Amino acid sequence: MKDFFHSLPKVELHRHLEGSLRLETMLDIARAHQITVPINTTRLGQLVQVQNDEPFTYQNFLAKFATLRMFYRSPEVIHRVTREAVEDAARDNVRYLEMRFTPVALSRAERFPMDEVVEWVCESSQAAAREFGIIVRLIASVNRHEDPALAEQVAWLAADRARKCIVGLDLAGNEAEFDGRPFIGIFREARQAGLRLTVHAGEWAGAGSVREALVDLNAERIGHGVRVLESEAVVAIARERRTPFEVCVTSNYQTGVVPSLQSHPLMKMFDQGLNVTLDTDDPSISQITLSDEYRQASEGLGMGVEDLKRCILASAQASFLPDEERMNLVEKLEKELK
Ligand code: ADE
Ligand code: ZN
């Protein structure tokens with residue numbers, strides 16, 4: 001249903017390409033490449049999307065990505081899923097999409113050279129952006145639970161395209177069991193090479209992880225970060241720096257960060273003066289759109305319309321676009337949201 005939340009011109013800062021595949025497309029790929037997964041939508045959905053009757057844990061959530069790695073079988077597949085992810089964002093009235101992708105995941109099944117994978121996603125995303133009338137930039141993502149040597153390769157490939165289609169580097173993955181220390185040097189060098197930095201933290205680990213992201217990794221934005229509220233001292237650091245938090249309400253519920261959608265501390269973060277943005281994380285795995293997340297913030301958590309609009313502008317302000325392009329985006333949205 002196209003409604004008020006759809007009609008808002010939106011900005012998405014935290015969306016994983018690998019969590020954005022259409023189920024129908026996955027079925028096509030499974031058939032074409034004889035992937036041994038159940039070939040009907042319900043059964044495949046159980047493997048790659050969060051179901052209401054399964055445990056809402058990060059282990060279960062991360063397992064979906066492991067299954068999805070079987071799908072990246074050809075350059076055409078990677079082109080198609082990238083294009084469709086951009087199309088889906090544009091159809092949801094997202095005007096600026098900062099989409100993250102995981103070169104290690106995309107290259108793994110067929111051992112594609114990572115530089116080629118990065119090039120394919122850059123080309124497809126920019127072609128789709130022109131086709132669907134949306135601005136798209138990319139963030140290269142690396143996982144905490146994978147070899148830092150791979151992360152280093154990804155960082156260099158991304159840095160080659162810094163300030164062009166790739167604007168940032170992200171640390172994702174299993175935060176509960178892996179800290180960020182092995183990545184400190186890589187993140188320092190990436191920043192020096194012109195990449196902007198965002199780190200998943202305070203999601204499956206506590207406020208100490210947010211402190212590590214801010215202080216040791218020099219993260220300019222925090223993915224999720226909701227557990228920052230466990231420490232006043234870390235809240236104070238983030239508030240002072242005006243660090244944007246990429247808050248993904250439904251994802252937090254589905255990975256067990258919060259026990260219910262209604263108990264999500266989004267409004268607490270807001271009231272503490274933190275710089276919050278609303279994002280989806282993995283729209284296909286969670287079966288949501290960004291409009292749904294704005295609806296949830298409004299109808300489920302009580303965020304007023306003016307604050308919803310402020311969130312959109314805060315997102316635009318927090319984007320990793322170069323200053324002039326960023327200010328143009330903010331101005332354009334300010335006019336539309338008046
Ligand atoms: N990769 C994809 N979604 C993620 C999340 N919510 N946390 C950490 N890594 C992820
Ligand atoms: Zn994420």
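Looking at (1) in a loop (DSSP other than H, G, I, E, B); (2) within 14 Å of ligand 2 (Cβ to nearest atom); (3) out of contact with any His (no Cβ under 7 Å at 6 or more places or on another chain), can you tell me which one Lys164 breaks?
Status for Lys164: all satisfied but (2).
Identify the residue in segment 1-38 that is farther than 13 Å from Phe71 by Cβ and either part of a loop (DSSP other than H, G, I, E, B) or acidic (Asp, Glu) (or both) and, among all such residues, is nearest to ligand 1 (Cβ to nearest atom).
By that ranking, first place goes to Glu12.
Just checking, does segment 122-144 include any residue being of a type in the set (Lys, Arg) and within 16 Å of ligand 1 (Cβ to nearest atom)?
yes
Would you say Gln287 is within 16 Å of ligand 1 (Cβ to nearest atom) and surrounded by fewer than 21 Cβ atoms within 10 Å (Cβ to Cβ)?
Yes.
Only one of Gly256, Gly223, Gly194 is under 26 Å from Val154 (Cβ atoms) and part of a loop (DSSP other than H, G, I, E, B). Can you tell me which?
Gly194
Residues checked against (1) surrounded by fewer than 24 Cβ atoms within 10 Å (Cβ to Cβ); (2) closer than 12 Å to Leu8 by Cα; (3) among the acidic types (Asp, Glu); (4) within 16 Å of ligand 2 (Cβ to nearest atom):
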site: Asp279; (1), (2), (3), (4): no, no, yes, yes
site: Gly300; (1), (2), (3), (4): yes, no, no, no
site: Met303; (1), (2), (3), (4): yes, no, no, no
site: Asp307; (1), (2), (3), (4): yes, no, yes, no
site: Ser315; (1), (2), (3), (4): no, no, no, yes
site: Ser319; (1), (2), (3), (4): no, no, no, no
site: Asp323; (1), (2), (3), (4): yes, no, yes, no
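Hey, Met327 hits all of (1) under 22 Å from Leu138 (Cα atoms); (2) buried (at least 16 other Cβ atoms within 10 Å of the Cβ) but one; which does it fall short on?
Of everything listed in (1) under 22 Å from Leu138 (Cα atoms); (2) buried (at least 16 other Cβ atoms within 10 Å of the Cβ), Met327 misses just condition (2).
The conditions are (1) more than 18 Å from Asp170 (Cβ to Cβ); (2) assigned to a strand (DSSP E or B), and His200 fails exactly one of them. Which is it?
In the conditions (1) more than 18 Å from Asp170 (Cβ to Cβ); (2) assigned to a strand (DSSP E or B), His200 misses (1) alone.
Report whether or not Ala176 is surrounded by fewer than 24 Cβ atoms within 10 Å (Cβ to Cβ), hydrophobic (A, V, I, L, M, F, W, C), away from ligand 2 (no atom under 16 Å from the Cβ) and at pLDDT 95 or above.
It is false that Ala176 is surrounded by fewer than 24 Cβ atoms within 10 Å (Cβ to Cβ), hydrophobic (A, V, I, L, M, F, W, C), away from ligand 2 (no atom under 16 Å from the Cβ) and at pLDDT 95 or above.
The values are calculated or read from the model by the stated rules, or taken from the named source; none is laboratory data. Keep in mind it's a predicted model, so treat the numbers as computed, not measured. Every residue, glycine as well, gets a Cβ built from its backbone with ideal geometry; the counts of neighbours run over all protein chains shown.
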